[in-house]
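Report on one structure; see the data block that follows.
The values are calculated or read from the model by the stated rules, or taken from the named source; none is laboratory data. The structure displayed is predicted, hence computed values, not measured ones. For neighbour counting, all protein chains shown are included, and Cβ atoms are generated from backbone atoms with ideal geometry for every residue, glycine included.
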Amino acid sequence: MGMCGICAETHTHTHTHTHTHKQVRLGVGETVWDSAGLTGSLTQLPVCQERSTMSPTPFKNQHYDILKKECQEKKQLFEDPEFPCNNTSLFYRNPLPGRVEWKRPGEIAENPHLFVEGISSHDLNQGEVGNCWFVAACSCLALKPDLWQKVIPNWKEQEWDPKHPERYAGIFRFQFWIFREWTEVVVDDRLPTINGKLIYCHSKSRNEFWSALLEKAYAKLSGCYESLSGGNTGDAVVDFSGAVNEPVSLETGHYRTDPKEKDKLFSDLLQVYEMGGIISCSIVASPHERELRLANGLVKGHAYSVTAVKRVRLGHGLLAFFKNETIPLIRMRNPWGKHEWNGAWCDSSEEWQKIGNMERNNLGITVEDDGEFWMSYDDWCQNFTDADVCRLLSVQKKWNEVVHFGNWIKHSDPLKNRCGGCMNHRQTFLQNPQYVLDITQVHEELLVSLQQKDMKIHRPRGAGENLTIGFAIFKVELNRKYRMHDIITQQTVATSMYINARSVFMRKVLQKGRYVIIPTTFKPDTLGEFMLRVYTEEDAGCRELDLDKPQVSCWSSFRGYPQVVTQVYIHGAEGLDNQDRNGGADPYAIVSCEKNSVQSLVQKDTRDPVFDTRAVFYRRKPQKPITIQIWNRNAVKDEFMGQVVLPASLKDSAQPQKLKLRRGASETSEEMPGTISVRVVTSRELTAM
């Protein structure tokens, strides 16, 4: 069997990888590891470019219909010049043990077909290349008709037709979702064999070839077959579907020790499965443990496809129905097509006696070494270390999706540079691309996926390793519309892991407000392309911040151009006056500057509110003060609770201040109950904040 282990070296995060993924954590002075960066120049892509999903882009400009027609007219079978039948298409480093012959399906088996008795997750068996991750993804794909019919388009037209052999041209096409664009890859039907047997992926039916041809197309897309040795099941699923991949660490995520976390994860997995998502799992292995078979039948460093997630009813007959006692079970498949779990709930386990015949029949229990088996969810959490959970969010009505394409590019001008590295590099971090969005609900879940270009195609040239990437999320001023230039005055609400994976994912519940996402490489001056996908429950208006400060326009001479920039941070208030009948108040703050104002959220039933509100103003008339007022929200008419007036001049201290509320604008006006805590920073340099 080919090597397909998940290496544990310097890998503390959960992934189904054959190649080592090195996680790096932020923190000045720490010893960190990352992958080598790219060099060269990149072309800037348009912001939020919509890539067509109507007609796929032909890979290497090869058009299936044109090529097939040419072959039919010439009465010859297709030979692909872009993926020739020689060693360059097979390997770049490790030759195969034996004499390779490229054979067409009709030379390998009688009566060849794409599918024999339909498509099934049982069709696939891994070959000599270490791509269990890819085969596991194919097993998952076979369970999703809507997906595999997209990946294998017009399969009936591509199928062998024994009644019309003259139509067969030896050419096939497959489609893959690459950077939000469906890409069509054509291949000829010549497959590598040794001693008359397929070397790589093959079906259990000798005359079924969909898996071998699909693998060839993916190998072509990746440069050669050996480039598939080492990868991530979640990445392949994304390429089959456009899903969003969330890696889950069963080892470090407290799922083995915290019952609440464990129950929540199962509910998530069940929902993903029922919504058509795809799940895979693996057991991390050190280099010398790859493909080590454990006493319980599981294999370390090996990717398994999850083919079912169920709550199974225990008991027999009507009593079981009314008692409604269930157990969470998970079904998996080994891409090798054999070697199964031999513990509780395995094929011949006595635990199945606890299940009624009807329930067992519904689950399709088979007692044979076909590579597919059940486990209890508890055993699954205890024995597997990593899972990839792929959600088809773009087709679910719950989520609003915004996609941005961008580059980390280098420029000598700091204001134009876009490869500043992570937050360890404070001086350059904010030179990275920045994207702003608004959370409009009091609490809302945000999903962020950062994906880089697949690098496998560069492996034959000695490159091909992923960049180490990640992102940070900041809560910023409610009225910010220009790029951030100062990290100290902003609030960091989340930082992803930094890892040399193809994609990085985060789920985060945020409070209402405005946020900025900054995707970065780990080191500065590392060049690359990325795709940022943002999912929110309500439209968040996610867009790139590309301006550094207000632009000079034809109106500037009349209205005036900003002279200074001021950031106001309102932390909160204390000791406000009772306003409501039952005591307390529902206060909110309004900060006003010239003709602009920003309002905080209403804080319910408190005299000591925490507003945590920021505003930034580009001031044309710096001599005019800034006013902060506190109001109490009422059903009929809001009540004034006091104000402070701030000069916000260049001479003012930038330290936090606690100020007494007053009724009027002057320092001698009547005091009102309560104080307000604020910080005001003013600069003549408009790119200071």
- In the range 187-214, what residues are closer than 19 Å to GLU226 by Cα, assigned to a strand (DSSP E or B) and touching a Phe, Trp or Tyr at 6+ places or on another chain (Cβ under 9 Å)? VAL187, ASP188, LEU191, PRO192, THR193, LEU198, HIS202
- Message: Tell me which strands (runs of 3 or more DSSP E) are completely within the range 614-689 and hold 3 or more residues being over 30 Å from TYR482 (Cα atoms), or say none if there are none.
- Response: 639-646, 657-662, 671-683
- Matching residues, the range 510-548, being of a type outside the set (Ser, Thr, Tyr), part of a strand (DSSP E or B) and closer than 30 Å to ALA236 by Cβ: ILE517, ILE518, PRO519, LEU527, GLY528, GLU529, PHE530, MET531, LEU532, ARG533, VAL534, GLU544
- Only one residue in GLU325, GLU274, GLU289 is buried (at least 16 other Cβ atoms within 10 Å of the Cβ) and of a type in the set (Asp, Glu). Which one? GLU289
- Within the range 445-470, the count of residues that are within 19 Å of GLN511 (Cα to Cα) and surrounded by 23 or more Cβ atoms within 10 Å (Cβ to Cβ) comes to 1
- If we scan the range 469-476, do we find a residue that is out of contact with any Lys or Arg (no Cβ under 8 Å at 6 or more places or on another chain), assigned to a loop (DSSP other than H, G, I, E, B) and not assigned by TED's automatic domain parsing to the domain that holds VAL644? no
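Condition check ((1) modelled with pLDDT under 95; (2) under 30 Å from ARG93 (Cα atoms); (3) out of contact with any Pro (no Cβ under 9 Å at 6 or more places or on another chain)) across all residues:
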position	(1), (2), (3)
GLN431	no, no, no
LEU446	no, no, yes
ILE457	yes, yes, yes
LEU478	no, no, yes
ARG483	no, no, yes
MET506	no, no, yes
- Message: For the range 571-606, which positions are within 13 Å of GLY642 (Cα to Cα), outside any strand (DSSP E or B) and in contact (Cβ under 8 Å) with a residue 60 or more places away in the chain?
- Response: GLY575, LEU576, ASP577, GLN579
- Which one is nearest to ALA472 (Cα to Cα), of the residues in the range 486-507 that are among the hydroxyl-bearing types (Ser, Thr, Tyr) and not in a strand (DSSP E or B)? SER496
- Verdict on CYS85 being assigned by TED's automatic domain parsing to the domain that holds GLY223, part of a loop (DSSP other than H, G, I, E, B), of a type outside the set (Ser, Thr, Tyr) and in contact (Cβ under 8 Å) with a residue 60 or more places away in the chain: yes
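Here is a yes/no grid of residues against (1) buried (at least 22 other Cβ atoms within 10 Å of the Cβ); (2) among the hydroxyl-bearing types (Ser, Thr, Tyr); (3) without any contact (Cβ under 8 Å) to a residue 24 or more places away in the chain:
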| site | (1), (2), (3) |
| --- | --- |
| GLU181 | no, no, no |
| VAL186 | yes, no, no |
| ARG190 | yes, no, no |
| CYS201 | yes, no, no |
| PHE209 | yes, no, no |
| ALA219 | yes, no, no |
| SER222 | yes, yes, no |
- Query: Name the pairs: first residue in the range 490-517 and in contact (Cβ under 8 Å) with a residue 24 or more places away in the chain and over 17 Å from LEU437 (Cβ atoms), second residue part of a loop (DSSP other than H, G, I, E, B) and of a type in the set (Phe, Trp, Tyr), Cβ to Cβ under 8 Å, at least 6 apart or on different chains?
  - Reply: TYR498/PHE522
- Can you tell me which residue among ARG256, ARG290 is touching a Gly at 6+ places or on another chain (Cβ under 6 Å) and farther than 30 Å from GLU181 by Cβ? ARG290
- Task: Could you please give the count of residues in the range 321-356 that are more than 34 Å from the chain's Cα centre (by Cα) and either modelled with pLDDT of 80 or more or assigned by TED's automatic domain parsing to the domain that holds SER121 (or both)?
- Result: 11
- Message: Restricting to the range 287-320, name every residue that is at pLDDT 90 or above, among the small types (Gly, Ala, Ser) and more than 26 Å from the chain's Cα centre (by Cα).
- Response: ALA295, GLY297
- Item | Among the residues listed as GLU401, GLU340, GLU351, the single one being touching a Lys or Arg at 6+ places or on another chain (Cβ under 7 Å) and either of a type in the set (Gly, Ala, Ser) or surrounded by 14 or more Cβ atoms within 10 Å (Cβ to Cβ) (or both) | GLU401
- Filter the range 110-119 down to the residues that are more than 15 Å from ASN154 (Cβ to Cβ) and buried (at least 17 other Cβ atoms within 10 Å of the Cβ), then identify the one that is farthest from the chain's Cα centre (by Cα). PRO112
- In this structure, does TRP408 turn out to be in contact with a strand residue (DSSP E or B) (Cβ under 6 Å, 6 or more places away or on another chain), surrounded by 18 or more Cβ atoms within 10 Å (Cβ to Cβ), assigned by TED's automatic domain parsing to the domain that holds GLY297 and in contact (Cβ under 8 Å) with a residue 24 or more places away in the chain? no
- Task: Pick out the one residue from VAL237, VAL284, VAL244 that is crowded, with 24+ Cβ neighbours inside 10 Å and either among the small types (Gly, Ala, Ser) or over 20 Å from the mean Cα position of the chain (by Cα) (or both).
- Result: VAL284
- Note on the structure: Over the range 260-279, the set of residues of a type in the set (Gly, Ala, Ser) and modelled with pLDDT under 95 is GLY276, GLY277
- Reported set for the range 354-399 where residues are polar (S, T, N, Q) and touching a Phe, Trp or Tyr at 6+ places or on another chain (Cβ under 7 Å) is SER376
- Checked pairs for the range 628-654, first within 19 Å of VAL616 (Cβ to Cβ), second part of a loop (DSSP other than H, G, I, E, B), C-beta under 6 Å and 6 or more apart or across chains, list as VAL645/PRO625; VAL645/ALA665; LEU646/PRO625; PRO647/PRO625
- Message: Going through GLN567, GLN599, GLN563 one at a time, which residue ends up being of a type outside the set (A, V, I, L, M) and more than 36 Å from the chain's Cα centre (by Cα)?
- Response: GLN563
- Message: Show the residue pairs meeting these rules: Cβ distance below 7 Å; 6+ apart or different chains; first residue within the range 532-544 and touching a residue at least 12 places away in the same chain (Cβ under 8 Å) and assigned by TED's automatic domain parsing to the domain that holds LEU430; second residue assigned to a loop (DSSP other than H, G, I, E, B) and charged (D, E, K, R).
- Response: GLU537/LYS398
